Structures are given as C-alpha cells and as structure tokens.
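What follows is calculated from the coordinates using simple rules that are stated; it is not laboratory data. These figures come from a predicted structure and were not determined experimentally. Positions of Cβ are generated from backbone atoms using ideal geometry, with glycine treated the same way; all protein chains shown enter the neighbour counts.
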Amino acid sequence: MNRTAILALALLISLPACTSAPLRRGIACERAPAPIGPYSQAVQVGELLFLSGQIGLDAADGALVAGGIREETRRALDNLGAILGEAGFTFDDVVSTTVYLADLAEFAAMNEIYAARFASSRVAPARATVGVAGLPRGARVEIAAVALRKR
C-alpha cells in the first residue's frame, strides 16, 4: 500500500460515523478538462478531497498543451488548482501528490515548476514520483493529489 493510500485510509477512519452532510460528493469543474473516462475530477469525503490525476490538457479544446514537460506540468497544476477551487480548497490544503512521468530524465524540469507552485505552502505536500511506460493522450506528466481542508 503506498503512502497516499495509507494516509487516506487513516483519515477516513477518523471521520465521524454519522454526518448531516453527504459522506461523498463528486466535484465537477468546467475550468478543468472534462474526464476522459468514467471517473470524477475529484471526490470529497468529509474534509478530504481526492483529486484524479490531471495531465496538461487545455480545458477549452481538450488538446494537450505544446511546449514540453514544463508547460504540461504547469497546465496539469493549473487544472488541479481549478478543481481545488471549485471544491473550496487551495494548494495550501494539499497534503499528498503522486506525479507520474513518462520519462524520469525530465524530473528536474517538472520539479522546477512543481516547486514554484508549492513555494508559498507552509508545509510542502508528501509526494511520490513514478516513472511510467505511458500516459493518456501521449502526456509527459500526470499529477494526482489529496487535500485536507483546514478546520
């Protein structure tokens, strides 16, 4: 079980058993690309938000942005930011991310953009970075996240 799954499980166990609000709600954001499969952009469970992996797609036309790993990373983070905002969260609420790279040789370039996005966070999120054989639509990077709303 990876760190993200362990964190999510521990936090879910700590949620109250009964609540007047729905336990689980899907988040849909028009400012981020529509899902390209049968999944939600994000699912909120109590104060937790589980964000599906985002690639560097332009929300307006669904095309992968040009410019290589830096631009794709920037757009994937922009997409995550739009979904976070739709749910009332910010990047400062992100507690964990998983970054998938089609080529680990591009780690430094991705990390430069990623670090700039989280530079103002009091605590940088936990992160796993994984090299993969391929990503949807020929993307170079995909980023998934888990956020916890501050009380």
Can you tell me the FRET efficiency between LYS150 and VAL130 if r is taken as the Cβ-Cβ distance and R0 is 22 Å, rounded to the nearest 0.05? 0.20
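Could you give the length gained on full extension between ASP58 and ARG122, defined as 0.36 nm per residue of separation minus the Cα-Cα distance, in nm? List each step's numbers first, then the result.
Numbers: separation 64, 0.36 × 64 = 23.04 nm, distance 2.92 nm.
Additional length available on full extension: 20.1 nm.
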Whole-Å distance linking the alpha carbon centroid of the range 28-66 with that of the range 124-151 is 12
By average Cβ neighbour count within 10 Å, what is the ranking of 36-45, 66-75 from highest down? 66-75, 36-45
Counting Lys +1, Arg +1, Asp -1, Glu -1, what net charge surrounds GLY134 among other residues with beta carbon under 11 Å of its beta carbon? 0
